[in-house]
1. Only residues that are open to solvent by 10 Å² or more (accessible area, probe 1.4 Å) and outside any helix (DSSP H, G or I): list them for the stretch 90-117, please.
2. Kindly check whether there is at least one residue in the stretch 157-171 that is open to solvent by 30 Å² or more (accessible area, probe 1.4 Å), away from ligand 2 (no atom under 16 Å from the Cβ) and assigned to a helix (DSSP H, G or I).
3. Can you name every residue in the stretch 133-156 that is out of contact with any Asp or Glu (no Cβ under 8 Å at 6 or more places or on another chain), more than 16 Å from ligand 2 (Cβ to nearest atom) and not hydrophobic (A, V, I, L, M, F, W, C)?
4. Quick one: is Glu189 within 16 Å of ligand 2 (Cβ to nearest atom) and assigned to a loop (DSSP other than H, G, I, E, B)?
5. For the stretch 137-156, which positions are open to solvent by 40 Å² or more (accessible area, probe 1.4 Å) and of a type in the set (A, V, I, L, M, F, W, C)?
6. Restricting to the stretch 2-59, give me the number of residues that are modelled with pLDDT under 90, more than 16 Å from ligand 1 (Cβ to nearest atom) and touching a Leu at 6+ places or on another chain (Cβ under 8 Å).
7. Search the stretch 144-155 for residues that are of a type in the set (A, V, I, L, M, F, W, C) and pair each with any residue that is open to solvent by 70 Å² or more (accessible area, probe 1.4 Å) when their beta-carbon atoms are under 6 Å apart and the residues are at least 6 apart or on different chains.
8. Please find, among Pro196, Pro164, the residue that is modelled with pLDDT under 95, away from ligand 1 (no atom under 11 Å from the Cβ) and farther than 30 Å from Gln84 by Cα.
Amino acid sequence: MQGTIQGSGWIEVICGSMFSGKSEELIRRVKRARIARQQVIAIKPSLDVRFSTNDVVSHGGDKIECLPVCDSREAEAAIPADAQVVAFDEAQFFDPGIVDLCVGLADAGVRVIVAGLDCDFRGEPFGPMPELLARAEYVSKLQAICVKCGNPATRTQRIINGRPASYSDPQVLIGASEAYEARCRRCHEVPDRPRPHATGGD
Ligand code: ADP
Ligand code: ZN
């Protein structure tokens, strides 16, 4: 059985746009648990090679050690039996199996901390995050500061070759110069969006 904190586990999700401080908050929570001598493991999908492969690094420069894995099955295999706290960063990039893994861990008494983008650059819910948010006991939705107007930023603006990325642009564009900015709802630009909040299929 997984290690327990007085027998009860739970899921806490930290979400928001890019630059909203998700990694900083995850790092803060992990450091505090370690200070309290909890058995902690931090895990992220290996495709996030933003800054380094064996750390979670915030845009502000804080970091903790983090195990890169290919998918949720590899994550499950890597979690030690005595883990009391399991933290996942960049959870939006995990396969759907991350949901059952988090629920199973929490049911077994583990504190599960999940950080991830709630929405992609189009402003659409991202990967397994909606279900994780629904199943979590605690949700922290963080905001950055809109670089255009200074209001709270809840969206991630993708910019390709100096222009707002189109709704239909692929996730990976080879040879293009790409950048991301934090923006508010009003300043977030998505050319060619079918219609606001379209769900597809109709
Ligand atoms: P996330 O994991 O949500 O992308 P990080 O924790 O990596 O965020 O980084 C948050 C840090 O990003 C802030 O403390 C600040 O130093 C920096 N930052 C850069 N641009 C912005 C912005 N527009 N609004 C707020 N913070 C920003
Ligand atoms: Zn704005």
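1. Glu90, Phe94, Asp95, Pro96, Ala108, Arg111, Leu117
2. So in the stretch 157-171, the residues open to solvent by 30 Å² or more (accessible area, probe 1.4 Å) come out as 161-164, 167-171.
Still in the list and also away from ligand 2 (no atom under 16 Å from the Cβ): 161-163, 167-171.
Retained after the next criterion (residues that are assigned to a helix (DSSP H, G or I)): none.
Looking through the stretch 157-171, none of the residues is open to solvent by 30 Å² or more (accessible area, probe 1.4 Å), away from ligand 2 (no atom under 16 Å from the Cβ) and assigned to a helix (DSSP H, G or I).
3. Arg135
4. Values: within 16 Å of ligand 2 (Cβ to nearest atom): yes; assigned to a loop (DSSP other than H, G, I, E, B): yes.
For Glu189, the condition - within 16 Å of ligand 2 (Cβ to nearest atom) and assigned to a loop (DSSP other than H, G, I, E, B) - is met.
5. Step one: of the stretch 137-156, the residues open to solvent by 40 Å² or more (accessible area, probe 1.4 Å) are 137-139, 141-143, 145, 147-152, 154.
Scanning the stretch 137-156 gives Val139, Leu142, Ile145, Val147, Cys149.
6. 2
7. Ala144/Phe19; Ala153/Gln143; Ala153/Ile145
8. On the way: Pro164 fails: modelled with pLDDT under 95.
Step by step, each of Pro196, Pro164 is checked, and only Pro196 is modelled with pLDDT under 95, away from ligand 1 (no atom under 11 Å from the Cβ) and farther than 30 Å from Gln84 by Cα.
The values are calculated or read from the model by the stated rules, or taken from the named source; none is laboratory data. Computed from a predicted structure; not experimentally measured. Heads up, the Cβs are rebuilt from the backbone with ideal geometry, glycines too, and the neighbour counts pull from every protein chain shown. SASA here: full protein model, heavy atoms, side chains in, ligands and nucleic acids out. Shrake-Rupley method; radii C 1.70, N 1.55, O 1.52, S 1.80 Å.
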